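Just below is one structure, and these are the notes that go with it.
Please treat every number below as a calculation from the coordinates, not as lab data. This structure is a prediction, so every number in the text was calculated from the model and none was measured. With ideal geometry, Cβ positions are generated from the backbone for all residues, glycine too; neighbour counts draw on all protein chains shown.
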């Protein structure tokens, strides 16, 4: 009987380790891979969001640093790890939504 109980405990421990991997380690690796892709895509002209929620345009990229323009003429240096999301491609220009053709009359 003692051998069966030891096997159950070993199986339980193995399932616990597998659960930890599936719930914690694997998703963290996916997030790290996604952030590495964001950092690799940093280029002047790209619109980004930082960990602090600041929306800015990339002015230049240096080793480990990115210079962001947060307002016209206002440049701020951030660690490249502070950029968490790229909003658009460099050739897309922000514009107001088009409400369709102009209406005649009223």
Treating every alpha carbon of segment 23-91 as one equal point scatterer without solvent, the Debye formula yields log10 I(q)/I(0) values at q = 0.15 Å⁻¹ of -0.45
Label model pair residue 17, residue 40: point-to-point distance (7 angstrom along the Cα→beta-carbon line) in nm is 3.1
